[in-house]
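Presented below is the structure to which this report refers.
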Amino acid sequence: MKILVVDDSSTMRRIITNCLKGLGENEIIEAEDGNVGMTKLSENQGFDLILTDWNMPNMNGLEFIKSVQGSDHKSVPIIMVTTEAEKAKVVEALKAGAKNYVVKPFTPEVIKEKIKQVLGC
Amino acid sequence: MFAYILSASKVEGNILVNVLKKQGHQTSQISMPSEMDKGLREKGDTLIFVDWDNPDLDRGLVQDLGKTMGNRLFIVSANEAEPQLQSIVQGGESQFIPKPIEPTIVKSKVGTVRKVMFSKMKLDAKVINAFIQAVTNTYETMIGITPKREKVYILEPSDVNTAADSLFDISGVMGLSGDYSGSVVVSFPVKLALKSVAMMLGEDEKPSLDSEVRDCVGEIINIVSGQAKATLSTTDYKFELALPTVIVGKGHKVHIHEDSPTLVIMFSTEGENFILQVNIRPANG
């Protein structure tokens, strides 16, 4: 799978990437905010999955999800991975177009399970 | 804290304003008690300075204020022996400031009141528990170890940034805003920061506090703050989080609200201590 990981923290991008590599995924592209995420989407076609943080500078995760929904990449499923844990936030993200939601802190097993739920694999 | 200065002359009022502002207080000079905002006047940390010698002053009102304000009422006068003044000061906790006003006396008396106030201040157990849980959960989930809670205490503002165990070598700082504002800090000694980062990433320990280590500490405070925020979202303690910042270097300081208690929770893990520091107050306080 080709996966886009969007988070302003290089640590979190590394942790998520390591989780994905542990699942056997190796085609992982990183972006440090939503703006860069949109650029990466247009520069690299054929993404199968996006994982995005919420609180980022320039373009935050919610704005990024909405942007993706309004683009040619709207069919790519998005999982929000964030510290925002309140129910209202989860609902907001899902309404914007996220297919699933992971609250930090998380274990690799949680990421694996959420991907499975989204992709049915 | 907020301070009203009632019925003072311009010169004396300015002396009081200057001293109080240097101590970090907001001030308002008024000529009538009716000019005081009811909410502010009834707030538990508002101070009132009254010029007793002003002939237009309603001294009966000052008597009433003395009963409710206690040591937060300061009566300024050239005549300490005046019987009605004496009855207010000796009958309660109200404080006397002699004229001509000496800034050092004002500073000392206000400082004593602040010390007493802070010694009585407690942080709601909900806040304490939410942050303890957040640190423990973050460490257990992302780093794989359970930190031990060593001690929990409140620091007076003058001790924050100076106490021996306040901040270590690298601190992640999160600003809070909204109904409640302030800051949350997680602070590590170098060795523990390097060890925690290595365990979090599942990689070899870095030799120094490089950009990746700093980013990781920023992410730790981000996750801890987010967890606490979520736990407290069903209580009165609602706040939003800023983007985290990281400060490196011995002796670094973090700005705090000086009229709010600072909670310090010391944890130990892997043979070393780290601390969580929380300074929080109502946004309109």
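Within 14 Å of chain B (Cβ to nearest Cβ), farther than 23 Å from B:Leu232 by Cβ, open to solvent by less than 60 Å² (accessible area, probe 1.4 Å) and of a type in the set (Ser, Thr, Tyr), is that true of A:Thr107? Criteria met by A:Thr107. Across the range A:71-91, the qualifying residues are those that are more than 14 Å from chain B (Cβ to nearest Cβ) and open to solvent by 70 Å² or more (accessible area, probe 1.4 Å), and the one among them that is farthest from the chain's Cα centre (by Cα) is A:Asp72. Residues in the range A:94-112 that are within 11 Å of the chain's Cα centre (by Cα) and hydroxyl-bearing (Ser, Thr, Tyr): A:Tyr101 alone. Is it true that some residue in the range B:65-77 is touching a residue at least 60 places away in the same chain (Cβ under 8 Å), crowded, with 19+ Cβ neighbours inside 10 Å, of a type outside the set (S, T, N, Q) and within 17 Å of B:Val17 (Cα to Cα)? The answer is yes; a qualifying residue exists.
For A:Ile115, the conditions (1) within 15 Å of the chain's Cα centre (by Cα); (2) open to solvent by 40 Å² or more (accessible area, probe 1.4 Å); (3) at pLDDT below 95 are fulfilled apart from (2).
Out of the residues in the range B:184-233 meeting the condition of being part of a strand (DSSP E or B) and more than 20 Å from B:Thr146 (Cβ to Cβ), tell me which one is farthest from the other protein chains (Cβ to nearest Cβ). Residue satisfying both the conditions and the ranking: B:Val185.
Looking only at residues in the range A:61-85 that are of a type outside the set (S, T, N, Q) and assigned to a loop (DSSP other than H, G, I, E, B), the one that is farthest from B:Leu243 (Cα to Cα) is A:Asp72.
Scanning the range B:234-257 for residues that are closer than 18 Å to B:Ile128 by Cβ, within 14 Å of chain A (Cβ to nearest Cβ) and buried (at least 16 other Cβ atoms within 10 Å of the Cβ) turns up B:Tyr237, B:Phe239. Apart from one condition, B:Asp179 fits all of (1) at negative phi; (2) surrounded by fewer than 17 Cβ atoms within 10 Å (Cβ to Cβ); (3) over 28 Å from the mean Cα position of the chain (by Cα); the exception is (3). Would you call A:Ile79 under 24 Å from B:Asn222 (Cα atoms), touching a Ser or Thr at 6+ places or on another chain (Cβ under 8 Å) and of a type in the set (Val, Ile, Thr)? Here the answer is yes, as A:Ile79 does meet what is asked.
Filtered by the rule that a residue be touching a strand residue (DSSP E or B) at 6+ places or on another chain (Cβ under 6 Å) and hydrophobic (A, V, I, L, M, F, W, C), the range A:9-26 gives A:Ile16, A:Leu20.
Filtering the range A:6-28 to residues that are more than 14 Å from chain B (Cβ to nearest Cβ) and surrounded by 17 or more Cβ atoms within 10 Å (Cβ to Cβ) leaves A:Val6, A:Ile28. For A:Leu94, the test of being at pLDDT 95 or above, outside any strand (DSSP E or B), farther than 21 Å from B:Asp215 by Cα and open to solvent by 40 Å² or more (accessible area, probe 1.4 Å) is passed.
Output yes when any residue across the range B:213-234 is of a type in the set (A, V, I, L, M), more than 15 Å from B:Val135 (Cβ to Cβ) and in contact (Cβ under 8 Å) with a residue 60 or more places away in the chain, and no when none is. Show your work before the answer.
The initial filter retains those residues of the range B:213-234 that are of a type in the set (A, V, I, L, M), namely B:213, B:217, B:220-221, B:223-224, B:228, B:230, B:232.
Within this subset, residues satisfying the condition of being more than 15 Å from B:Val135 (Cβ to Cβ) are B:213.
Add one more test, that the residue is in contact (Cβ under 8 Å) with a residue 60 or more places away in the chain, and what stays is none.
The answer is no, given that none of the residues of the range B:213-234 is of a type in the set (A, V, I, L, M), more than 15 Å from B:Val135 (Cβ to Cβ) and in contact (Cβ under 8 Å) with a residue 60 or more places away in the chain.
Summed over the range A:35-60, the residues that are within 14 Å of chain B (Cβ to nearest Cβ) and over 13 Å from B:Leu243 (Cβ atoms) give a count of 1.
Residues that are under 21 Å from the mean Cα position of the chain (by Cα), surrounded by 14 or more Cβ atoms within 10 Å (Cβ to Cβ) and farther than 16 Å from B:Glu102 by Cα within the range B:1-25 comprise B:Met1, B:Phe2, B:Ala3, B:Tyr4, B:His25, listed in sequence order.
The values are calculated or read from the model by the stated rules, or taken from the named source; none is laboratory data. Computed from a predicted structure; not experimentally measured. Here Cβ is always computed from backbone atoms with ideal geometry, including for glycine, and neighbour counts include all displayed protein chains. Please note that ligands, DNA and RNA were not included when accessible areas were found on the heavy atoms of the full protein model with its side chains. Shrake-Rupley method; radii C 1.70, N 1.55, O 1.52, S 1.80 Å.
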